[in-house]
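Inspection log for the structure reproduced underneath, given as structure tokens.
The values are calculated or read from the model by the stated rules, or taken from the named source; none is laboratory data. All values derive from a computational prediction rather than experimental measurement. Neighbour counts run over all protein chains shown; Cβ positions are idealised from the backbone, glycine included. Remember, those area values only see protein heavy atoms, side chains included, never the ligands or the DNA or RNA. Shrake-Rupley method; radii C 1.70, N 1.55, O 1.52, S 1.80 Å.
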Amino acid sequence: MRRWMVLLVLLAPAFAQSLQVSAGSPFGLGAGARFALAPLLDGRVYAGANFFTGGAASLGGGVDLLVSVPLTDLYAGAGLFYASGPAVSLLSQGAAGGGLGARGVVGTYLNLRLPLVGVFVEFHPMYFFTPGSFGFGGAVGVNFGF
């Protein structure tokens, strides 16, 4: 599983519609790539490092499937992630030893009128499988590309 995630992250820039950098949940500082899968349907792979919850940094990555709402800048979706330690989240940060989690994504692009640059804001309800607990997070990021 980890080998496939590393392979996807390494090949992502070659096939990506856009590259993203974000700050927030689940990993603090993250980077990823977004792919057009079908009209109004995108896939995203991402990886990041959490330096914000104290102790050693936790690393992780994940995948999301996102659906755009027609005629708006809104999108929503769901995905899975894996972390080697705690995540950036309210209520629960997952297991200290890390593990698998699922998250929902609700986001929007902010209209800044910059060519090939977009700023986005997201909300993430999360479920951590290892301790069986819920958390909430959010992220702010910059999107480079179409």
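Of all residues in segment 87-110 being open to solvent by 60 Å² or more (accessible area, probe 1.4 Å) and under 17 Å from the mean Cα position of the chain (by Cα), which is nearest to L65 (Cα to Cα)?
V106
Within segment 80-146, considering only strands (runs of 3 or more DSSP E) that don't extend past its boundaries, which have at least 3 residues that are among the β-branched types (V, I, T)? Reasoning before the result, please.
Working: elements: 99-110, 117-128, 133-145.
Per the criteria, 99-110, 117-128.
Just for segment 7-26: of the residues that are of a type in the set (A, V, I, L, M, F, W, C) and modelled with pLDDT of 85 or more, which one is least open to solvent (accessible area, probe 1.4 Å)?
Among them, the one singled out is A23.
Show the residue pairs meeting these rules: Cβ distance below 7 Å; 6+ apart or different chains; first residue within segment 77-92 and farther than 14 Å from E122 by Cα; second residue aromatic (F, W, Y) and open to solvent by 60 Å² or more (accessible area, probe 1.4 Å).
Pairs that qualify, where the first residue is farther than 14 Å from E122 by Cα and the partner is aromatic (F, W, Y) and open to solvent by 60 Å² or more (accessible area, probe 1.4 Å), are L90/F136; L91/F134; L91/F136; S92/F134.
So how many residues does segment 19-62 have that are closer than 18 Å to V119 by Cα and among the aromatic types (F, W, Y)?
Within segment 19-62, residues that are closer than 18 Å to V119 by Cα and among the aromatic types (F, W, Y) number 2.
Would you tally the residues in segment 39-54 being part of a loop (DSSP other than H, G, I, E, B) and open to solvent by less than 80 Å² (accessible area, probe 1.4 Å)? Talk me through it step by step, then tell me what you get.
As a first pass, look at segment 39-54 and keep what is part of a loop (DSSP other than H, G, I, E, B): 39-40, 51-54.
Now restrict to residues that are open to solvent by less than 80 Å² (accessible area, probe 1.4 Å): 53-54.
Of the residues in that region, 2 qualify.
On the basis of being surrounded by fewer than 16 Cβ atoms within 10 Å (Cβ to Cβ), of a type in the set (K, R) and out of contact with any helix residue (DSSP H, G or I) (no Cβ under 9 Å at 6 or more places or on another chain), does R113 make the cut?
yes
Residue check: is L71 in a loop (DSSP other than H, G, I, E, B), open to solvent by 20 Å² or more (accessible area, probe 1.4 Å) and within 27 Å of S18 (Cβ to Cβ)? First the steps, then the outcome.
Numbers: in a loop (DSSP other than H, G, I, E, B): yes; open to solvent by 20 Å² or more (accessible area, probe 1.4 Å): yes; within 27 Å of S18 (Cβ to Cβ): yes.
So L71 passes the test.
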